[in-house]
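Working notes for the structure below.
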Amino acid sequence: MPKSLSRRIQAFSMLAAVALAPTALAEQATVGQPYVFTTVDDYTIRLDGNVEVTGVLQGEAAPRTVTFRVTHGSEENFQVLGGRCDRMALLTMAKPGVYLFTMSVEAQTNYYRQFACKLTRLP
């Protein structure tokens, strides 16, 4: 095969991979692992017990969507607790690069999972 045809095939396959790549990689949060976002583009509290955060993780360049599965008694309690994190996510959205937004889910000995969110101002 001629070199020019081989290079065209390689270039076409790379172009196709970039064009078909999703804008944000989606994943389920690993229990016990904190996710530190330098920017937040989207924050969703869903009624099914999930919190979805889309943004750029510290040390990465591409945005990613992480789904945190949280079960906490009733839907009302879940929304109240999840609503406390939304203020932190909104600050990170409004001032990218000024804050770090950390979210994690921890396993508990009972049926429920405990989730935590933290806002840190960068020096």
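Computed from the coordinates by the stated procedures, all read-outs in this text should not be read as laboratory data. What you are looking at is a predicted structure, and each value in this text was computed from that prediction instead of being measured. Quick reminder, even Gly has a Cβ in these numbers, built from the backbone with ideal geometry, and neighbours come from all protein chains shown.
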Other-chain or far-sequence residues with amide H under 5 Å of PHE115's (modelled H)
GLU106
Roughly how many nanometres apart are two label points built 7 Å out from the Cα toward the Cβ at GLN114 and GLN28?
2.3 nm
If each residue of separation counts as 0.36 nm, what is the full-extension length gain between ARG84 and THR44 once their alpha-carbon separation is subtracted?
13.2 nm
